[in-house]
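The values are calculated or read from the model by the stated rules, or taken from the named source; none is laboratory data. As the structure is a computational prediction, the values presented were derived from the model and not from experiment. We place every Cβ from the backbone using ideal geometry, glycine too, and count neighbours over all the protein chains shown. We work out accessible area using only protein heavy atoms, side chains counted, and drop any ligands, DNA or RNA first. Shrake-Rupley method; radii C 1.70, N 1.55, O 1.52, S 1.80 Å.
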Amino acid sequence: MVLGWSRRRKNNNHKANGKPSMELVIPNHFRCPISLDLMKDPVTLSTGITYDRESVERWFDDGNFKCPVTNQIVKNFDMIPNHSLRMMIQDWCVENRQHGVERIPTPRIPISPTDVSDLLLQLKESSLRLEQFTCLELIQKMERWGAESERNKRIIVDNGAPAALASAFDSFAGDSVERNVGVLDEILSALKWMFPLQLEAQKSLGSIASLSCMVWFLKHQDLPGKEKSIVALKELLSFGDSNNVEALSKIEGVNELLVELVNKRISQTITKNSLRVIWYMVSSSKSECGEKMKISFVELGFVNTLLGVLIDSEKSICEKALAIFDCLCSSEKGRESALGNDLTIPVLVKKVLRISSLSTDYSVSAIWKMCKFGERGDEEGKVLVEALQVGAFQKLLLVLQVGCGDSTKEKATELLKLMNPYRAELECIDSDFKNLKRSF
(Lines give C-alpha, C1' and ligand atoms only; values in the text may rest on other atoms or scores of the structure.)
Protein backbone atom coordinates (compact mmCIF):
# COMPACT_ATOMS: atom_id res chain seq x y z
CA MET A 1 0.00 0.00 0.00
CA VAL A 2 1.23 3.51 -0.76
CA LEU A 3 0.20 6.89 0.57
CA GLY A 4 -0.04 10.30 -1.11
CA TRP A 5 3.18 12.30 -1.46
CA SER A 6 2.95 15.99 -0.58
CA ARG A 7 4.40 17.14 -3.94
CA ARG A 8 2.18 16.97 -6.98
CA ARG A 9 3.63 15.29 -10.04
CA LYS A 10 4.48 17.55 -12.96
CA ASN A 11 2.44 16.17 -15.83
CA ASN A 12 1.48 17.69 -19.15
CA ASN A 13 -1.87 15.91 -19.08
CA HIS A 14 -4.04 18.28 -17.06
CA LYS A 15 -7.71 18.21 -16.45
CA ALA A 16 -9.96 20.91 -17.82
CA ASN A 17 -9.73 22.92 -14.61
CA GLY A 18 -5.91 23.03 -14.86
CA LYS A 19 -5.19 20.72 -11.90
CA PRO A 20 -2.71 17.81 -12.21
CA SER A 21 -4.28 14.42 -12.83
CA MET A 22 -1.77 12.39 -10.78
CA GLU A 23 0.05 12.51 -7.47
CA LEU A 24 3.49 11.15 -6.67
CA VAL A 25 3.35 8.61 -3.85
CA ILE A 26 5.92 7.45 -1.31
CA PRO A 27 6.26 3.72 -0.64
CA ASN A 28 4.90 3.03 2.83
CA HIS A 29 8.07 1.33 4.05
CA PHE A 30 10.04 4.53 3.30
CA ARG A 31 8.01 6.46 5.87
CA CYS A 32 8.86 6.78 9.55
CA PRO A 33 6.08 5.16 11.66
CA ILE A 34 6.25 8.10 14.07
CA SER A 35 6.36 11.19 11.83
CA LEU A 36 4.97 9.53 8.65
CA ASP A 37 7.57 11.53 6.72
CA LEU A 38 10.19 10.19 4.33
CA MET A 39 13.04 8.82 6.45
CA LYS A 40 16.38 10.59 6.12
CA ASP A 41 18.42 8.49 8.54
CA PRO A 42 16.65 5.14 9.11
CA VAL A 43 17.74 3.20 12.20
CA THR A 44 16.51 -0.13 13.55
CA LEU A 45 15.75 -0.74 17.23
CA SER A 46 16.17 -3.98 19.15
CA THR A 47 12.45 -4.63 18.51
CA GLY A 48 13.19 -4.96 14.78
CA ILE A 49 11.24 -1.84 13.74
CA THR A 50 12.93 0.89 11.68
CA TYR A 51 12.38 4.60 12.41
CA ASP A 52 13.92 7.89 11.37
CA ARG A 53 16.69 8.64 13.87
CA GLU A 54 15.52 12.16 14.73
CA SER A 55 11.93 11.06 15.37
CA VAL A 56 12.74 8.07 17.57
CA GLU A 57 15.33 9.99 19.57
CA ARG A 58 12.74 12.68 20.26
CA TRP A 59 10.31 9.91 21.26
CA PHE A 60 12.72 8.56 23.87
CA ASP A 61 13.75 12.06 25.04
CA ASP A 62 10.09 12.73 25.84
CA GLY A 63 10.21 9.94 28.41
CA ASN A 64 8.76 7.07 26.37
CA PHE A 65 10.29 3.63 26.91
CA LYS A 66 8.17 1.53 24.58
CA CYS A 67 8.50 0.83 20.89
CA PRO A 68 5.77 2.92 19.20
CA VAL A 69 4.78 0.09 16.81
CA THR A 70 5.11 -3.09 18.90
CA ASN A 71 4.44 -1.41 22.29
CA GLN A 72 7.26 -3.53 23.76
CA ILE A 73 9.48 -2.05 26.47
CA VAL A 74 12.82 -1.17 24.88
CA LYS A 75 15.67 -2.47 27.07
CA ASN A 76 18.49 -1.80 24.61
CA PHE A 77 18.47 1.71 23.17
CA ASP A 78 21.17 1.05 20.58
CA MET A 79 20.13 2.30 17.14
CA ILE A 80 21.54 0.33 14.21
CA PRO A 81 21.74 2.31 10.93
CA ASN A 82 19.66 0.60 8.23
CA HIS A 83 22.00 1.25 5.29
CA SER A 84 20.10 -0.94 2.85
CA LEU A 85 16.84 0.93 3.38
CA ARG A 86 18.58 4.28 3.27
CA MET A 87 20.17 3.47 -0.10
CA MET A 88 16.79 2.31 -1.41
CA ILE A 89 15.27 5.64 -0.35
CA GLN A 90 18.10 7.53 -2.03
CA ASP A 91 17.65 5.56 -5.25
CA TRP A 92 13.91 6.27 -5.19
CA CYS A 93 14.63 10.00 -4.73
CA VAL A 94 16.98 9.99 -7.74
CA GLU A 95 14.40 8.16 -9.89
CA ASN A 96 11.79 10.79 -9.05
CA ARG A 97 13.91 13.92 -9.16
CA GLN A 98 12.09 15.07 -12.28
CA HIS A 99 9.02 15.36 -10.05
CA GLY A 100 10.79 17.72 -7.65
CA VAL A 101 12.04 15.13 -5.15
CA GLU A 102 15.47 15.92 -3.74
CA ARG A 103 17.91 13.14 -2.90
CA ILE A 104 18.42 12.80 0.85
CA PRO A 105 22.09 13.21 1.82
CA THR A 106 24.01 10.34 3.35
CA PRO A 107 23.82 11.04 7.10
CA ARG A 108 27.00 11.60 9.06
CA ILE A 109 27.95 9.06 11.66
CA PRO A 110 26.64 10.51 14.96
CA ILE A 111 29.13 11.16 17.70
CA SER A 112 29.23 9.02 20.82
CA PRO A 113 29.89 9.97 24.45
CA THR A 114 33.32 8.36 24.07
CA ASP A 115 34.15 10.70 21.17
CA VAL A 116 33.23 13.71 23.30
CA SER A 117 35.15 12.45 26.35
CA ASP A 118 38.30 11.90 24.29
CA LEU A 119 38.09 15.39 22.79
CA LEU A 120 37.51 17.02 26.19
CA LEU A 121 40.48 15.16 27.66
CA GLN A 122 42.69 16.55 24.89
CA LEU A 123 41.22 20.02 25.45
CA LYS A 124 41.95 19.89 29.17
CA GLU A 125 45.55 18.81 28.64
CA SER A 126 46.15 21.41 25.94
CA SER A 127 44.65 24.24 28.00
CA LEU A 128 46.86 23.37 30.99
CA ARG A 129 49.86 23.69 28.68
CA LEU A 130 48.35 26.90 27.20
CA GLU A 131 48.52 25.49 23.68
CA GLN A 132 46.04 27.91 22.16
CA PHE A 133 46.20 26.66 18.56
CA THR A 134 45.57 23.05 19.56
CA CYS A 135 42.70 24.16 21.79
CA LEU A 136 41.30 26.29 19.00
CA GLU A 137 41.19 23.30 16.63
CA LEU A 138 39.51 21.11 19.26
CA ILE A 139 36.87 23.74 20.07
CA GLN A 140 36.10 24.29 16.39
CA LYS A 141 35.76 20.54 15.92
CA MET A 142 33.30 20.46 18.82
CA GLU A 143 31.32 23.31 17.27
CA ARG A 144 31.14 21.44 13.95
CA TRP A 145 29.77 18.41 15.76
CA GLY A 146 27.16 20.56 17.45
CA ALA A 147 26.13 22.16 14.17
CA GLU A 148 25.29 18.74 12.68
CA SER A 149 22.33 17.94 14.93
CA GLU A 150 20.57 18.68 18.20
CA ARG A 151 21.44 15.17 19.31
CA ASN A 152 25.14 15.94 19.04
CA LYS A 153 24.64 19.12 21.09
CA ARG A 154 22.95 17.16 23.86
CA ILE A 155 25.73 14.57 23.97
CA ILE A 156 28.40 17.29 24.05
CA VAL A 157 26.71 19.15 26.91
CA ASP A 158 25.79 16.03 28.89
CA ASN A 159 29.39 14.80 28.86
CA GLY A 160 30.89 17.85 30.52
CA ALA A 161 31.80 20.23 27.70
CA PRO A 162 30.65 23.41 29.52
CA ALA A 163 32.90 22.69 32.50
CA ALA A 164 35.88 21.86 30.26
CA LEU A 165 35.44 25.02 28.19
CA ALA A 166 34.99 27.22 31.26
CA SER A 167 38.13 25.75 32.81
CA ALA A 168 40.07 26.41 29.61
CA PHE A 169 38.72 29.96 29.54
CA ASP A 170 39.95 30.52 33.09
CA SER A 171 43.41 29.15 32.22
CA PHE A 172 43.92 31.31 29.14
CA ALA A 173 42.41 34.41 30.78
CA GLY A 174 44.74 34.00 33.73
CA ASP A 175 47.74 33.85 31.40
CA SER A 176 47.11 36.85 29.10
CA VAL A 177 43.92 38.09 27.51
CA GLU A 178 45.67 39.98 24.70
CA ARG A 179 47.88 37.02 23.76
CA ASN A 180 45.05 34.46 23.87
CA VAL A 181 42.16 36.58 22.58
CA GLY A 182 41.45 34.23 19.65
CA VAL A 183 40.91 31.08 21.67
CA LEU A 184 39.04 33.01 24.41
CA ASP A 185 36.63 34.39 21.82
CA GLU A 186 36.09 30.90 20.37
CA ILE A 187 35.30 29.49 23.81
CA LEU A 188 32.61 32.14 24.38
CA SER A 189 31.16 31.28 20.95
CA ALA A 190 30.98 27.59 21.84
CA LEU A 191 29.41 28.28 25.25
CA LYS A 192 26.50 30.20 23.72
CA TRP A 193 24.43 27.06 23.10
CA MET A 194 25.47 25.34 26.34
CA PHE A 195 23.65 27.60 28.82
CA PRO A 196 22.56 27.19 31.57
CA LEU A 197 25.93 26.23 33.01
CA GLN A 198 26.63 23.50 35.49
CA LEU A 199 28.09 24.33 38.91
CA GLU A 200 31.67 23.44 37.98
CA ALA A 201 31.51 25.68 34.91
CA GLN A 202 30.07 28.53 37.00
CA LYS A 203 33.02 28.38 39.37
CA SER A 204 35.54 28.64 36.53
CA LEU A 205 33.74 31.52 34.79
CA GLY A 206 33.24 33.25 38.13
CA SER A 207 36.96 33.56 38.82
CA ILE A 208 38.57 37.01 38.88
CA ALA A 209 40.60 36.16 35.78
CA SER A 210 37.53 35.06 33.79
CA LEU A 211 35.40 38.02 34.89
CA SER A 212 38.19 40.49 34.10
CA CYS A 213 38.57 38.91 30.67
CA MET A 214 34.85 39.32 29.90
CA VAL A 215 34.99 42.95 31.01
CA TRP A 216 38.03 43.43 28.74
CA PHE A 217 35.98 42.02 25.86
CA LEU A 218 33.23 44.55 26.58
CA LYS A 219 35.79 47.35 26.36
CA HIS A 220 37.96 46.31 23.44
CA GLN A 221 36.27 43.69 21.25
CA ASP A 222 34.04 44.25 18.22
CA LEU A 223 30.24 44.00 18.38
CA PRO A 224 29.98 40.16 18.20
CA GLY A 225 32.68 39.85 20.87
CA LYS A 226 30.86 42.30 23.14
CA GLU A 227 27.58 40.43 22.67
CA LYS A 228 29.11 37.06 23.53
CA SER A 229 30.74 38.50 26.63
CA ILE A 230 27.66 40.27 28.01
CA VAL A 231 25.52 37.17 27.41
CA ALA A 232 28.03 35.03 29.32
CA LEU A 233 28.07 37.54 32.19
CA LYS A 234 24.28 37.60 32.33
CA GLU A 235 24.06 33.80 32.38
CA LEU A 236 26.70 33.58 35.11
CA LEU A 237 24.97 36.10 37.40
CA SER A 238 21.52 34.62 36.77
CA PHE A 239 22.28 31.75 39.15
CA GLY A 240 22.07 34.18 42.07
CA ASP A 241 25.53 33.56 43.52
CA SER A 242 26.30 36.81 45.37
CA ASN A 243 30.02 35.95 45.33
CA ASN A 244 30.05 36.39 41.56
CA VAL A 245 28.34 39.78 41.91
CA GLU A 246 30.83 40.84 44.55
CA ALA A 247 33.79 39.70 42.43
CA LEU A 248 32.47 41.53 39.36
CA SER A 249 31.84 44.73 41.31
CA LYS A 250 35.49 44.82 42.40
CA ILE A 251 36.73 45.11 38.81
CA GLU A 252 37.69 48.71 38.19
CA GLY A 253 35.39 50.64 35.88
CA VAL A 254 32.80 47.89 35.40
CA ASN A 255 29.84 50.00 36.60
CA GLU A 256 30.79 52.91 34.32
CA LEU A 257 31.19 50.48 31.41
CA LEU A 258 27.73 48.94 31.91
CA VAL A 259 26.09 52.38 32.11
CA GLU A 260 27.90 53.40 28.92
CA LEU A 261 26.67 50.28 27.10
CA VAL A 262 23.06 51.04 28.08
CA ASN A 263 23.45 54.69 27.08
CA LYS A 264 24.89 53.90 23.65
CA ARG A 265 22.37 51.13 22.84
CA ILE A 266 24.63 49.73 20.15
CA SER A 267 22.53 46.56 19.88
CA GLN A 268 19.39 45.06 21.40
CA THR A 269 21.36 42.09 22.73
CA ILE A 270 23.88 44.28 24.55
CA THR A 271 21.24 46.63 25.95
CA LYS A 272 19.00 43.84 27.25
CA ASN A 273 21.77 41.82 28.81
CA SER A 274 23.54 44.87 30.27
CA LEU A 275 20.30 45.77 32.05
CA ARG A 276 20.02 42.20 33.34
CA VAL A 277 23.59 42.29 34.66
CA ILE A 278 22.93 45.60 36.42
CA TRP A 279 19.72 44.19 37.88
CA TYR A 280 21.58 41.23 39.37
CA MET A 281 24.17 43.61 40.82
CA VAL A 282 21.76 46.07 42.49
CA SER A 283 19.49 43.30 43.80
CA SER A 284 22.30 41.20 45.25
CA SER A 285 21.32 38.97 48.16
CA LYS A 286 24.20 40.42 50.14
CA SER A 287 22.47 43.57 51.41
CA GLU A 288 25.68 45.53 51.92
CA CYS A 289 26.91 44.77 48.40
CA GLY A 290 23.50 45.52 46.89
CA GLU A 291 23.23 48.89 48.67
CA LYS A 292 26.70 49.89 47.52
CA MET A 293 25.78 48.99 43.96
CA LYS A 294 22.58 51.05 44.11
CA ILE A 295 24.43 54.13 45.35
CA SER A 296 27.17 53.65 42.77
CA PHE A 297 24.75 53.47 39.83
CA VAL A 298 22.68 56.40 41.14
CA GLU A 299 25.82 58.53 41.38
CA LEU A 300 26.63 57.63 37.76
CA GLY A 301 23.31 59.19 36.70
CA PHE A 302 21.74 55.86 35.84
CA VAL A 303 18.28 56.96 36.99
CA ASN A 304 18.14 59.53 34.17
CA THR A 305 19.48 56.90 31.76
CA LEU A 306 16.66 54.55 32.70
CA LEU A 307 14.04 57.24 32.10
CA GLY A 308 15.46 57.77 28.62
CA VAL A 309 15.30 54.03 27.97
CA LEU A 310 11.68 53.87 29.16
CA ILE A 311 10.50 56.56 26.76
CA ASP A 312 11.41 54.86 23.49
CA SER A 313 12.24 51.19 24.03
CA GLU A 314 10.46 47.93 23.32
CA LYS A 315 8.54 45.86 25.88
CA SER A 316 11.26 43.51 27.15
CA ILE A 317 13.76 46.35 27.60
CA CYS A 318 11.18 48.49 29.41
CA GLU A 319 10.44 45.65 31.84
CA LYS A 320 14.09 45.31 32.74
CA ALA A 321 14.54 49.09 33.06
CA LEU A 322 11.50 49.37 35.34
CA ALA A 323 12.77 46.53 37.52
CA ILE A 324 16.06 48.36 38.07
CA PHE A 325 14.30 51.72 38.55
CA ASP A 326 12.08 50.26 41.27
CA CYS A 327 15.11 48.69 42.94
CA LEU A 328 17.04 51.98 42.92
CA CYS A 329 14.03 53.74 44.47
CA SER A 330 14.50 51.51 47.51
CA SER A 331 17.45 53.71 48.47
CA GLU A 332 17.15 57.32 49.61
CA LYS A 333 19.64 58.57 47.04
CA GLY A 334 17.79 56.72 44.32
CA ARG A 335 14.49 58.39 45.23
CA GLU A 336 16.15 61.80 45.43
CA SER A 337 17.62 61.35 41.96
CA ALA A 338 14.29 60.16 40.56
CA LEU A 339 12.34 63.05 42.07
CA GLY A 340 14.87 65.47 40.68
CA ASN A 341 13.84 64.57 37.12
CA ASP A 342 10.61 66.15 35.82
CA LEU A 343 9.83 63.12 33.66
CA THR A 344 9.85 60.53 36.45
CA ILE A 345 6.21 60.56 37.57
CA PRO A 346 4.68 61.10 34.08
CA VAL A 347 6.76 58.27 32.59
CA LEU A 348 5.96 55.82 35.39
CA VAL A 349 2.23 56.60 35.31
CA LYS A 350 2.21 56.18 31.54
CA LYS A 351 3.77 52.71 31.84
CA VAL A 352 1.01 51.46 34.16
CA LEU A 353 -1.20 49.02 32.20
CA ARG A 354 0.68 49.85 28.99
CA ILE A 355 3.34 47.13 28.68
CA SER A 356 2.72 44.07 30.88
CA SER A 357 1.50 43.11 34.33
CA LEU A 358 5.12 42.90 35.48
CA SER A 359 5.83 46.43 34.27
CA THR A 360 2.69 47.65 36.05
CA ASP A 361 3.89 46.07 39.30
CA TYR A 362 7.28 47.79 39.04
CA SER A 363 5.75 51.15 38.10
CA VAL A 364 3.23 51.13 40.95
CA SER A 365 5.94 50.07 43.39
CA ALA A 366 8.28 52.90 42.31
CA ILE A 367 5.50 55.51 42.50
CA TRP A 368 4.52 54.23 45.94
CA LYS A 369 8.07 54.51 47.23
CA MET A 370 8.44 58.08 45.96
CA CYS A 371 5.04 59.18 47.24
CA LYS A 372 5.84 57.83 50.69
CA PHE A 373 9.17 59.65 50.53
CA GLY A 374 7.56 62.85 49.26
CA GLU A 375 4.93 62.75 51.97
CA ARG A 376 7.61 62.87 54.63
CA GLY A 377 9.69 65.50 52.82
CA ASP A 378 9.74 69.24 53.27
CA GLU A 379 7.30 69.77 50.38
CA GLU A 380 4.65 67.45 51.68
CA GLY A 381 2.32 66.07 49.06
CA LYS A 382 4.22 67.43 46.04
CA VAL A 383 4.67 64.00 44.51
CA LEU A 384 1.04 63.08 45.19
CA VAL A 385 -0.19 66.24 43.49
CA GLU A 386 1.99 65.62 40.48
CA ALA A 387 0.84 62.00 40.22
CA LEU A 388 -2.78 63.14 40.36
CA GLN A 389 -2.24 65.66 37.58
CA VAL A 390 -0.96 63.04 35.17
CA GLY A 391 -3.83 60.62 35.78
CA ALA A 392 -2.39 58.25 38.39
CA PHE A 393 -5.67 58.03 40.33
CA GLN A 394 -7.64 56.63 37.38
CA LYS A 395 -4.80 54.26 36.45
CA LEU A 396 -4.62 52.86 39.97
CA LEU A 397 -8.38 52.28 40.06
CA LEU A 398 -8.06 50.33 36.81
CA VAL A 399 -5.20 48.28 38.24
CA LEU A 400 -7.44 47.18 41.11
CA GLN A 401 -10.32 46.44 38.74
CA VAL A 402 -8.38 44.29 36.27
CA GLY A 403 -6.58 42.44 39.04
CA CYS A 404 -3.01 42.33 40.31
CA GLY A 405 -0.78 40.66 42.88
CA ASP A 406 -1.28 41.16 46.60
CA SER A 407 1.75 43.43 46.99
CA THR A 408 0.71 45.68 44.09
CA LYS A 409 -2.88 45.72 45.37
CA GLU A 410 -1.75 46.94 48.80
CA LYS A 411 0.46 49.65 47.32
CA ALA A 412 -2.20 50.83 44.87
CA THR A 413 -4.80 50.99 47.66
CA GLU A 414 -2.47 52.99 49.90
CA LEU A 415 -1.64 55.38 47.06
CA LEU A 416 -5.34 56.00 46.42
CA LYS A 417 -5.84 56.83 50.09
CA LEU A 418 -2.87 59.21 50.05
CA MET A 419 -4.10 60.97 46.89
CA ASN A 420 -7.76 61.26 47.82
CA PRO A 421 -7.43 64.41 50.01
CA TYR A 422 -5.90 66.34 47.10
CA ARG A 423 -8.52 65.38 44.47
CA ALA A 424 -11.00 68.13 45.33
CA GLU A 425 -8.49 70.85 44.45
CA LEU A 426 -6.98 69.31 41.32
CA GLU A 427 -8.23 68.26 37.93
CA CYS A 428 -6.89 64.85 36.96
CA ILE A 429 -5.72 64.67 33.37
CA ASP A 430 -4.47 61.80 31.28
CA SER A 431 -1.28 63.23 29.87
CA ASP A 432 0.91 62.35 26.95
CA PHE A 433 4.53 63.30 26.34
CA LYS A 434 3.55 65.58 23.47
CA ASN A 435 1.30 67.87 25.53
CA LEU A 436 2.56 67.28 29.06
CA LYS A 437 1.46 69.93 31.60
CA ARG A 438 3.59 70.44 34.65
CA SER A 439 2.32 71.77 37.98
CA PHE A 440 5.63 72.96 39.28
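Label segment 69-138 by shape, choosing from rounded, prolate and oblate, from the square roots a ≥ b ≥ c of the eigenvalues of the Cα gyration tensor; if a/c is under 1.5 it is rounded, and otherwise prolate applies when a/b is larger than b/c, oblate when it is not. It is oblate, given that a/c is not under 1.5 and a/b is not larger than b/c. Short to long, the 10 Å bins of the Cα pair-distance histogram for segment 28-99 hold 21, 51, 21, 7, 0 percent of all pairs. What is the helix-to-structure angle for 181-191, meaning the angle in degrees between its Cα long axis and the longest Cα principal axis of the chain, kept from 0 to 90 and rounded to the nearest 10? Its long axis makes an angle of about 80 degrees. Principal-axis analysis of the Cα atoms of the chain puts helix 254-264 at an angle of about 80° to the longest axis.
Taking amide H as placed 1.01 Å from N in the peptide plane, the amide H of Gly381 sits under 5 Å from that of Glu375, each at least 5 places away or on another chain.
Sparsely packed loop sites in segment 149-237 (the trypsin sites (Lys or Arg not before Pro) outside DSSP H, G, I, E and B with at most 13 other Cβ atoms within 10 Å) comprise Arg179.
Of the Cα atoms belonging to segment 37-177, the radius of gyration and Dmax stand at 19.6, 60 Å.
For the chain, what value does the Rg/Rh ratio take when both radii are computed over Cα atoms and Rh is the Kirkwood radius, given to two decimals? With Rg and the Kirkwood Rh in hand, the quotient comes to 1.13.
Karplus-based coupling profile of segment 104-115, in residue order and whole Hz: 6, x, 5, x, 6, 5, x, 6, 10, x, 5, 4, with θ = phi - 60° in 6.51 cos²θ - 1.76 cosθ + 1.60 and x standing for Gly or Pro. The alpha carbon centroids of segment 274-337 and segment 216-248 are separated by 17 Å. Convex hull volume of the C-alpha atoms in segment 313-418, normalised per residue: 89 Å³. Backbone amide hydrogens, once placed in the peptide plane, bring Val25 within less than 5 Å of Trp5, excluding anything fewer than 5 places away on its chain. Using a Gaussian network model of the chain in which every pair of alpha carbons under 10 angstrom is joined by a spring, one finds that among Gly63, Gly206, Gly301 the greatest mean-square fluctuation is at Gly63. Remark: segment 329-340, residue by residue, has Karplus-estimated 3J(HN,Hα) of 6, 6, 9, 4, 5, x, 5, 4, 5, 5, 6, x Hz, where x stands for each Gly or Pro and the curve is 6.51 cos²θ - 1.76 cosθ + 1.60 at θ = phi - 60°.
Qualifying GluC sites (Glu not before Pro) in segment 115-194, where qualification requires a DSSP coil assignment and no more than 12 other C-beta atoms within 10 Å, comprise Glu178. Against the chain, whose longest principal axis comes from its Cα atoms, helix 287-299 is set at around 70 degrees. Say the cut-off is 32 Å between C-alpha atoms; which of Lys264/Lys411; Lys315/Lys411; Lys75/Lys203; Lys350/Lys417 go over it? From the list (Lys264/Lys411; Lys315/Lys411; Lys75/Lys203; Lys350/Lys417), the Cα-Cα distance tops 32 Å for Lys264/Lys411; Lys75/Lys203. Put simply, the Cα atoms of segment 109-206 extend 37, 26, 19 Å along their principal axes, the longest span coming first. Rounded to whole Å, give me the distance from the Cα center of segment 381-425 to that of segment 33-110. Measuring centre to centre over Cα atoms gives 62 Å. Using a probe of 1.4 angstrom and keeping all protein chains present, the accessible surface of segment 34-74 works out to 53 square angstrom per residue. Convex hull volume of the Cα atoms of segment 228-336, normalised per residue: 90 Å³.
Expressed as a whole percent, the accessible surface of segment 109-206 that belongs to carbon and sulfur atoms is 50, based on a 1.4 Å probe. Residues Met39, Met88, Met79, ordered by accessible area of protein heavy atoms at a 1.4 angstrom probe radius and largest first, appear as Met88, Met79, Met39. Sequence-ordered 3J(HN,Hα) estimates for segment 152-165 from the Karplus curve with 6.51, -1.76 and 1.60 and θ = phi - 60° stand at 4, 4, 4, 5, 4, 5, 5, 9, x, 4, x, 5, 5, 5 Hz, glycine and proline given as x. Measuring nothing but protein heavy atoms, the accessible surface of segment 216-370 at 1.4 Å probe radius is 47 percent carbon and sulfur.
Using the structure shown, list the pairs from Lys153/Lys250; Lys66/Lys234; Lys294/Lys351 with a Cα-Cα distance above 32 Å, or answer none. Violating the 32 Å Cα-Cα cut-off are Lys153/Lys250; Lys66/Lys234.
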